[in-house]
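Structure record follows, encoded as structure tokens.
Every number here is computed from the coordinates shown, using simple stated rules; none is lab data. Because the structure is a prediction, the values reported are computed rather than measured.
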Amino acid sequence: MTDPALPRQCRMCHRRLRDPASRAAGIGPVCHRKLRPTRGTPTPEQLTLDEEPHGPEHTQPS
Ligand SMILES: [Zn+2]
């Protein structure tokens, strides 16, 4: 199930994109970071990258 309308390669480095979100963006996560090194404007695509959300998983039991 692949959408032919989506690009298969990163438009920056032309590597193949496996992540549907990366394909939708037309750019891989690595190049995406190069474009946005400061993360000033988070995009929905970034939610599917290898970012670990800060969660209260290490809260100490009181
Ligand atoms: Zn790339």
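Below, the figures for the structure above:
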quantity: Length released on extending from Ala5 to Asp19, taking residue separation times 0.36 nm less the Cα-Cα span; calculated: 3.6 nm
quantity: Potential extension, Lys34-Met12 segment - 0.36 nm per residue separation minus Cα distance; calculated: 6.9 nm
